[in-house]
Amino acid sequence: MLHEQFIAVIQQNKYIYSLTLLILFYALSQFVVIVSRKIILKLTRKTKTEVDDLVVRKTNKPVSIILLLIGFRLALFPLGIRQNILDLIQNAITSLIIIIITYIAIVIFGIFIDNWAKKVAERTKSLVDDQLIPLFHRFSRIFISIIGLLFILPLWGIQIGPLLTSLGIAGVAIAFALQNTLGNIFGGMSIILDKSVRVGDKIKLDNDTMGTVIDVGLRSTKIKTWDGELITVPNGKLADTRILNFVQPEPAVRVAIEFGVEYGSDASKVRKVVLDTIRKIPGVIKEPAPKVLMTEMADFALKFKALFWVETFDIKFDTRALATEEIYNALRREGITIPFPTRTVYLKKE
């Protein structure tokens, strides 16, 4: 009986009814905060990732504010406020709710971007993360803020159709003006995502561009040549260039040495001598096994090719020079002659 009387009093008095609605939604908002901190966070801590913990921790208060604003908006209806004033207040409250939802979306996207950046940083030594991740943050904030603004403007009687048309035309003009810059930026993004070039890689672009990658930036990549010179290549050009990477996918590289012996030499003996010599050279790996192939019966020599693998590209040239010298000395010790080009001329007397 008392319960029914209390409800009747609340319904009859519009101020008490509005205040009751406001108190109920305030209690609901506080309940959401308590539940998220005491229960949901305990559950998310048991997962392997910290993303859900951060999302709950940073969004529980904004969600509670949204509930409080909804309660305030509903509490205005029983008060009998003039329609024009009521519409103005409701538009303001709805705008605040959209702003808070936009903030929540920005926070969530930021958490996912940081989590992705952490995984990328673990797989690469490139410094592009320091430039690329802030760019993603700014882009997501601007994009989400524009979407939120497009929801707010119609509430205040602003038509977004002509505005979108103007923004589209301006966007096309800016894109044309920044075509090269945007091409380099997206080229840098594709390089870091594809991991085709990383800091420390030894690469060759053409006969004039070869060296070690020392930095993959957002707009350009820096290459230090074997002579100590610095070459800066725009990422847009690098993304469309054929790249020879000496380090990927495996650090081991193959060395080839061509040599010739005179006709009449025992081919089996030549292969055995050279193979025994190669296997003793430091840095030569056992698998794949070294090979010595007879490739050609040329004009003045029997041509052979010695093929073997070394541990890294850094020792390729020094090992090749050492192997060439050792092969020459081994052939001399075994009495196997290395001919030089000769030509026999026959003179016929008339």
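We did not get these values from a lab; they are worked out from the coordinates using the rules stated. Just so you know, these numbers come straight off a predicted model, no measurement behind them. Positions of Cβ are generated from backbone atoms using ideal geometry, with glycine treated the same way; all protein chains shown enter the neighbour counts.
Okay, here's what the table says:
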{"item": "Selected from Val216, Trp226, Val247, residue furthest toward positive end of dipole (region 214-270; charges at beta carbon)", "result": "Val216"}
{"item": "Approximate shape of region 190-245 as ellipsoid semi-axes (Cα gyration tensor, √5λ), whole Å, largest first", "result": "16, 11, 10"}
{"item": "Aspartates and glutamates whose Cα lies under 13 Å from that of Lys61, excluding same-chain neighbours fewer than 8 positions away", "result": "none"}
